1. Counting only DSSP beta bridges with both residues in the chain, tell me the antiparallel percent, nearest 5.
2. What nm distance separates the two modelled labels at Y302 and V68, each placed 7 Å from Cα along Cα→Cβ?
3. Would you mind calculating the relative contact order of region 280-339 from Cα pairs under 8 angstrom and at least 6 residues apart, reporting the percent as a whole number?
4. Contour minus end-to-end for E196 and K135, with contour as 0.36 nm per residue of separation and end-to-end as the Cα-Cα distance?
5. With an 8 Å Cα cut-off and a minimum separation of 6 or more residues, compute the relative contact order for region 60-119 in percent.
6. Among the aspartates and glutamates, which fall within straight-line cross-link reach of K102, defined as a Cα-Cα distance under 19 Å, with same-chain neighbours fewer than 8 residues apart omitted?
7. Which FRET efficiency value, to the nearest 0.05, is calculated for K346 and K215 with the Förster distance at 56 angstrom and r the Cβ-Cβ distance?
8. What is the magnitude of the charge dipole of region 10-112 about its Cα centre, with +1 placed on the Cβ of each Lys and Arg, -1 on the Cβ of each Asp and Glu, and no other charges, expressed in debye to the nearest 20?
Amino acid sequence: MENEAEQGMTEPIKTDVLIIGAGPCGLFAVFELGLLDMKTHLIDILDKIGGQCAELYPEKPIYDIPGVPYVTAQGLVDALMTQIKPFGANFHLQEMVEKIEKIGDPLFRVTTDRGKVFEVKVVVIAAGGGSFQPKRPPIPGIEQYEGTSVFYAVRQMEAFRDKRILIVGGGDSALDWTLNLAPLASHLTLLHRRSEFRAAPDSVNKMMALVGEGKIDFVLGQVSALEGEGGRIAKAIVKRNDGSNFEIACDAILPFFGLTMKLGPVADWGIEMKDGEYVLVDTATFESSVPGIFAIGDINWYPGKLKLILSGFHEAALMAQKAHRYVYPDKRLVFQYTTSSSSLQKKLGVA
Ligand SMILES: Cc1cc2nc3c(=O)[nH]c(=O)nc-3n(C[C@H](O)[C@H](O)[C@H](O)COP(=O)(O)OP(=O)(O)OC[C@H]3O[C@@H](n4cnc5c(N)ncnc54)[C@H](O)[C@@H]3O)c2cc1C
């Protein structure tokens, strides 16, 4: 279910509904659309499924999911994945939707930053607070090295083979990439401003073992300046906590300072917004000002809106009713309960 569709970059992927965002509301939308026979693809910028729940607070307990007195955020995502399994949704991770064009009535062409193109009858924006963007460390002039020597994500490990790598940070991403890139790098240094980490203890122990074996360096301090030419880095100037400086020669720097949420391209899609931040929707259908484009979850606004997961679940159910009219204009929709409808139970694989 989590594999991307094996389709070419130029050939459009055709499906009924494209969901932008694989957070809890996007996931539940798969269920509601699936019950009504609509096929779905989901796109998310992150490398994992689950939106804020998985990225920001996976181990925190949630107490206000109806009928579930206690569940961790990651537990909720896992449960949603189990619930939507019968519908075989396709996931496209680490891709950002950049452009939506109306090419029919309704038919949309949607393009991602990696050049993937979709042709869909309905678009559901479940983009939460927008796109997660890496936090840029406060190093003067860092912009001129971004994309050539400074990277906030690792898309292809091979690109770092035989390089002198400097990883900066003390969270899970910094530690995970230290462990993964250590065997490839010609030299790897992990730099953190203090000796305590916000990462899984097992990763910290493994990193320390590599330091003990002389395979990598771990140093305390903060990058204060970069030196290089034409976008190619030569060295980082590091300030120790006692104020003294030293240099680390390197070809690539990977800063992992966490993520912030920015609205991103949603604002450019020609949809009526509230305060330039939220998609305005009709509360009967959760459709936006553009027929065929819906918005559910944290990204939408209507009078009385609460940014709660349960609100997004309700919105997904109503959205699916209207989406059905676009996907099956000639079919009448009959309201049914999962408890008593054998046809719904067949779709769920329980009958
Ligand atoms: C610490 C914390 C605790 C919380 N506790 C609770 C709680 O107890 N109960 C509760 O109900 N709610 C809680 N919330 C809020 C809850 O997490 C959100 O309401 C919920 O995650 C919204 O779900 P969503 O699917 O709308 O969006 P999100 O979870 O934000 O997911 C949106 C996804 O869309 C992706 N995306 C955005 N733009 C694009 C694009 N252009 N292309 C591709 N992908 C894109 C993002 O990468 C993201 O993964 C909490 C939030 C936080 C931060």
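1. Close to 45 percent.
2. About 2.3 nm, to one decimal.
3. It comes to 29 percent, rounded to a whole number.
4. On the way: separation 61, 0.36 × 61 = 21.96 nm, distance 2.01 nm.
Computed gain between E196 and K135 is 19.9 nm.
5. 18
6. K102 reaches E11, D16, D113, E119, D268, E272, E287.
7. Step by step, r from the Cβ atoms, then E = 0.50.
8. On the way: 8 positive and 14 negative charges, 19 e Å.
In debye, rounded to 20, region 10-112 gives about 100.
The values are calculated or read from the model by the stated rules, or taken from the named source; none is laboratory data. The model shown is predicted, which means the values in this text are computed figures rather than measured ones. Heads up, the Cβs are rebuilt from the backbone with ideal geometry, glycines too, and the neighbour counts pull from every protein chain shown. Side chains are part of the model used for accessible areas, which takes the heavy atoms of the whole protein and leaves out ligands, DNA and RNA. Shrake-Rupley method; radii C 1.70, N 1.55, O 1.52, S 1.80 Å.
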